[in-house]
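Following: one structure in structure tokens, then a few remarks.
The values are calculated or read from the model by the stated rules, or taken from the named source; none is laboratory data. Just so we're clear, the structure is a prediction, and the values are computed from it rather than from any experiment. Note: ideal-geometry Cβ built from the backbone for every residue, glycine included; neighbour counts use all protein chains shown.
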Amino acid sequence: MNKISILLPTRGRKEVMLSSVEGLLSKASDPSRLELLLGIDNDDDGMQEYIKENLAPICNKLGVECKAQVFPPLGYGKLHHYVNTLAAHATGEWLFFWNDDGLMVTQDWDDVIDTFNGEFKLLGPKDNHNGHPYAIFPIVPRDWFVLMGHLSQNAQNDAWLSHIAYMLDIFERIDVEFIHDRADITGNNDDDTFKNREYKEGNPEDPEDFGHTDQQKARVQSAYKIAWFLEKIGQPSEWWNKVVAGEVQPFEKMIFPKNVAGAGQLAAKNIDDQETISL
């Protein structure tokens, strides 16, 4: 059984975070092989004390190693900086992106991840995002971070990783399910943390926007590097070779149901009419 590191930036949601984490840990087959890494802001009133008094005892009881990294407040627009820093401190073979408004549904979810040990893939749990093709809470091997030196270069971490995985055909939807208890989906947690989100997409002239040319090029460069690594470990991507040869479109397998939006790069397909659409 491989160690799994849970990466969790959180702000302003003490009780919500505690409930989320407690549910996630308690549904693991073996919580003692989990590592929880929290990213918290130094101005988040009472959060450090709350973690020590309420979360630490739960982790200690279950044998879960819990660490909290304290940041100056960076805001949602710099979410990837939190995640990259937490990944740098992680020691697990798998890195699991988790949100403080996530609710794990699947019992023994860690055993499911175990079935992919030794494979270099992005694992995408099932969710309540109406068939969205991204891994909303992605799970990647730690080698991804070691190879790239980062996990994401944009706050849309799920989109960043999913786009690269689709280019390489290493996206795997797995039999693990969670509920994203987010205000625009369930009506819950309609708080300042939700309202103050800053999406870096939709303005491709902005160098920090997901669709900016430099950001698109960075993802393609990442795909090239990972493709090289896949060859080295005996897991070559035939799909990527066809992409490079111009035989297939890189996002043909990224299928968006009608009325489900995604961050933009190149093209994907709409599940209803199968016409190529610009995202």
From the list Glu53, Glu93, pick out the single residue that is charged (D, E, K, R) and under 26 Å from Asp175 (Cβ atoms). Glu93
Name the pairs whose Cβ atoms lie under 9 Å apart, with the first residue in the stretch 209-229 and under 18 Å from Tyr199 (Cα atoms), the second surrounded by fewer than 18 Cβ atoms within 10 Å (Cβ to Cβ) and of a type in the set (Asp, Glu), and 6 or more positions between them or separate chains? His212/Glu205; His212/Asp206; Gln215/Glu208
Scan the stretch 111-131 and tell me whether some residue there is more than 27 Å from Glu201 (Cα to Cα) and touching a helix residue (DSSP H, G or I) at 6+ places or on another chain (Cβ under 7 Å). yes
Within the stretch 224-237, can you find the residues that are touching a Ser or Thr at 6+ places or on another chain (Cβ under 9 Å) and over 9 Å from Phe120 (Cα atoms)? Ile226, Ala227, Glu231
When the stretch 1-24 is checked residue by residue, the ones that are within 18 Å of the chain's Cα centre (by Cα) and aliphatic (A, V, I, L, M) are Ile4, Ile6, Leu7, Leu8, Met17, Val21, Leu24
State which residue pairs qualify: first residue in the same structural domain as Ala90 (by TED's automatic domain parsing) and inside the stretch 60-74, second residue of a type in the set (Asp, Glu) and at pLDDT 95 or above in any location, beta carbons under 6 Å apart, and separation of 6 or more residues or different chains. Glu65/Glu35; Phe71/Asp41; Pro73/Asp41; Pro73/Asp43
Just one of the numbered conditions (1) crowded, with 17+ Cβ neighbours inside 10 Å; (2) modelled with pLDDT of 95 or more is not true of Val146; which one? (1)
Could you list, in sequence order, all residues of the stretch 91-107 that are under 9 Å from Ile6 (Cβ atoms) and small (Gly, Ala, Ser)? Gly92
Kindly indicate whether Glu247 is modelled with pLDDT of 95 or more, assigned to a loop (DSSP other than H, G, I, E, B) and charged (D, E, K, R). yes
Taking the stated definitions as given, is Ala28 more than 22 Å from Phe178 (Cα to Cα), hydrophobic (A, V, I, L, M, F, W, C), in contact with a strand residue (DSSP E or B) (Cβ under 7 Å, 6 or more places away or on another chain) and at pLDDT 95 or above? no
Provide a single number: the residues in the stretch 25-55 that are closer than 24 Å to His80 by Cα and either under 22 Å from the mean Cα position of the chain (by Cα) or not assigned by TED's automatic domain parsing to the domain that holds Thr106 (or both). 9
Which pairs turn up if I take residues in the stretch 84-98 that are assigned by TED's automatic domain parsing to the domain that holds Asn117 and assigned to a helix (DSSP H, G or I) and look for partners that are surrounded by fewer than 24 Cβ atoms within 10 Å (Cβ to Cβ) and of a type in the set (D, E, K, R) with beta carbon separation below 8 Å, at least 6 apart in sequence or on another chain? Ala87/Arg142; His89/Lys67
